[in-house]
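Please treat every number below as a calculation from the coordinates, not as lab data. What you see is a predicted model, and the numbers here were worked out from it, not measured in a lab. Cβ: placed from backbone, ideal geometry, glycine included. Neighbour counts: every protein chain shown.
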Amino acid sequence: MAAKISRREAIAAGLAASALPRASARADTWPSHTITLVHGFGAGGNADVVARLIAANLSTRIGQAVIVEPKPGAGGRIAAVHTAKAAADGYTLAILPGGHAIAPAIYDGLPYDTVNDFSFIGMATEFPFLLVTYADHAVKSLRDLLDKAAASAVPMTYGSAGNGTGQHMAGALFASMAGVKLQHVPFKGGAQGATDLLGKHIDFMFETPTLLLELVKSGQLRALAVTGSTRFFALPEVPAIAEAVPGYETTSWLGLAAPPKLPAEIVSRLNTELRAILADKTVEDRMRQLGNVPTATSPEAFKARVSSDVAKWTKIAEDAGIKRAVAQ
């Protein structure tokens with residue numbers, strides 16, 4: 001005859017069970033349900049397009065739905081906060097932008113540690129920014145821009161995807177190294193900035209090739225330069241800023257990350273899947289069509305890149321005289 005279990009014993013057993021590690025965080029049972037992949041920018045931007053490309057292919061490879069969830073605002077920091085505080089069970093992932101490593105250089109009071117509050121899985125892409133203006137702007141070349149900016153009593157305006165983004169700092173570095181004054185205009189994502197540029201409300205902007213390539217190729221915007229150290233494969237006729245401002249160079253990246261202390265087995269599995277996705281010829285072709293260079297790395301190399309970029313941008317911000325703001 002089976003022994004009866006008292007209500008108190010049942011409650012105690014339930015509490016004990018709830019204290020055990022969740023099976024969903026174990027590599028031998030992961031993944032068992034839908035995964036959410038967050039990013040910090042609006043629909044249609046580089047982070048969104050790359051996130052959806054990775055999500056679709058990851059879903060096919062692991063046999064579970066991977067849902068992309070944009071959390072735009074604050075230059076990607078809203079998504080970063082969400083990721084840093086989420087459960088480390090493999091069901092919340094994030095596409096982090098290069099601006100993730102810029103935030104600690106220009107903000108005090110970030111609600112997370114840029115390096116230690118994330119599990120880095122691997123880089124996905126690297127790319128330069130395009131410096132563009134609207135088609136009939138009086139500025140027709142990079143040299144025109146430098147001359148006009150130097151001569152103008154009122155600073156020319158440039159847009160970016162938000163304060164603390166790679167686009168913002170590409171412009172700050174440009175102004176500092178070229179010795180000109182520019183007025184930064186932040187937007188909630190590059191698409192909004194591109195709309196204002198097309199409407200001639202700002203003079204120019206720094207933005208990803210994903211968002212701007214078709215607008216440039218259709219003649220709606222004019223590309224003045226690229227921010228990499230050499231010319232860009234998708235627009236070989238467009239000069240690098242370094243051709244007029246020696247030593248100037250900045251590229252950005254997107255990478256896959258997760259909340260801190262994600263089990264090593266899941267990190268390894270995700271890195272393996274990400275590498276396979278980036279090596280797929282169809283994915284590679286699509287990435288390059290968008291102006292991205294697929295860039296697979298180990299988790300350790302991705303973490304090291306973030307750490308080195310934090311140091312790099314901290315020095316650049318100090319040299320450019322950018323005063324730290326309180327993170328909102």
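Rounded, prolate or oblate: which one fits the stretch 130-243, using the alpha carbon gyration tensor with axes a ≥ b ≥ c (rounded when a/c is under 1.5, else prolate when a/b beats b/c, else oblate)?
Details: a/c = 1.24, a/b = 1.08, b/c = 1.15.
Taking the square roots of the gyration eigenvalues as a ≥ b ≥ c, the stretch 130-243 is rounded.
Pick from ALA244, ALA80, ALA172: which residue has the top mean-square fluctuation in a GNM of the chain where Cα pairs under 10 Å get a spring?
Per the Cα network of the chain with a 10 Å cutoff, ALA244 tops the list.
Name the residue, out of PRO263, PRO294, PRO236, whose mean-square fluctuation peaks in a Gaussian network model built on the chain with Cα pairs under 10 Å.
Of PRO263, PRO294, PRO236, the most mobile in the Gaussian network model is PRO236.
Under a GNM of the chain (C-alpha, springs under 10 Å), which listed residue has the highest mean-square fluctuation: PRO97, PRO259, PRO155?
Residue with maximal mean-square fluctuation among PRO97, PRO259, PRO155: PRO155.
Given an 8 Å cut-off on Cα distances and at least 6 residues of separation, report the relative contact order of the chain as a percent. Could the numbers behind the result be given before it?
Values: 656 pairs, mean separation 85.3, N = 328.
Answer for the chain is 26 percent.
If you place +1 on the Cβ of every Lys and Arg and -1 on the Cβ of every Asp and Glu, how big does the dipole about the Cα centre of the stretch 220-318 come out, in debye to the nearest 20?
Details: 12 positive and 11 negative charges, 26 e Å.
Dipole size: approximately 120 debye.
Running Debye on the chain with equal point scatterers at the Cα sites and no solvent, what base-10 log of I(q)/I(0) appears at q = 0.11, 0.14 Å⁻¹?
Rounded to two decimals, the profile gives -0.69, -1.05.
Show the residues, 5+ positions off or on another chain, whose built amide H is closer than 5 Å to the amide H of ALA135.
ARG222
Give me the net charge for the shell around GLU273: Cβ to Cβ below 12 angstrom, other residues only, Lys and Arg +1, Asp and Glu -1. Don't jump to the answer; show the numbers that get you there.
Details: positive: ARG61, ARG269, ARG275; negative: ASP280.
Residues near GLU273 contribute +2 overall.
Answer rounded, prolate or oblate for the stretch 212-328, using the Cα gyration tensor with square roots of eigenvalues a ≥ b ≥ c: rounded when a/c is under 1.5, else prolate when a/b is larger than b/c, else oblate.
Oblate, since a/c reaches 1.5 and b/c is not below a/b.
DSSP loop chymotrypsin sites (Phe, Trp or Tyr not before Pro) in the stretch 232-326 with at most 16 other Cβ atoms within 10 Å of their Cβ, which ones?
Details: sites: PHE232, PHE233, TYR248, TRP253, PHE302, TRP313; in loops: PHE232, PHE233, TYR248.
Within the stretch 232-326, the qualifying chymotrypsin sites (Phe, Trp or Tyr not before Pro) (loop, at most 16 other Cβ atoms within 10 Å) are PHE233.
What does the net charge come to around GLU126 if you take all other residues with beta carbon closer than 14 Å to its beta carbon, with K and R at +1 and D and E at -1? Display every interim value, and only then the final one.
Details: positive: ARG288, ARG305; negative: GLU249, GLU284, ASP309.
Net of charged neighbours comes to -1.
About the Cα centre of the stretch 130-243, how large is the charge dipole given +1 on each Lys and Arg Cβ and -1 on each Asp and Glu Cβ? Please answer in debye to the nearest 20.
Dipole of the stretch 130-243, to the nearest 20 debye: 80 debye.
Once every DSSP H run of n ≥ 4 in the chain is given -39500 (n - 2.57) and the sum is divided by its residues, what mean residue ellipticity at 222 nm do you get, rounded to the nearest 500 deg cm²/dmol? Write down the numbers at each step before the final one.
Details: 11 runs with 130 residues, N = 328.
That calculation yields -12500 deg cm²/dmol at 222 nm.
Let me make sure I get this right: for the stretch 108-154, a, b and c are the square roots of the gyration tensor eigenvalues over alpha carbons, sorted descending. Under 1.5 in a/c it's rounded, otherwise prolate if a/b > b/c, else oblate. Which is it? Kindly include the intermediate steps, with their values, before the conclusion.
On the way: a/c = 4.52, a/b = 2.20, b/c = 2.06.
Prolate, because a/c is 1.5 or more and a/b exceeds b/c.
Under unit Cβ charges (Lys, Arg +1; Asp, Glu -1), what dipole magnitude, rounded to 20 debye, does the chain have relative to its Cα centre?
Details: 31 positive and 28 negative charges, 153 e Å.
The calculation lands at about 740 debye.
Would you give the gap between the C-alpha center of the stretch 256-298 and the C-alpha center of the stretch 79-120, rounded to a whole Å?
Centre-to-centre (Cα) distance: 18 Å.
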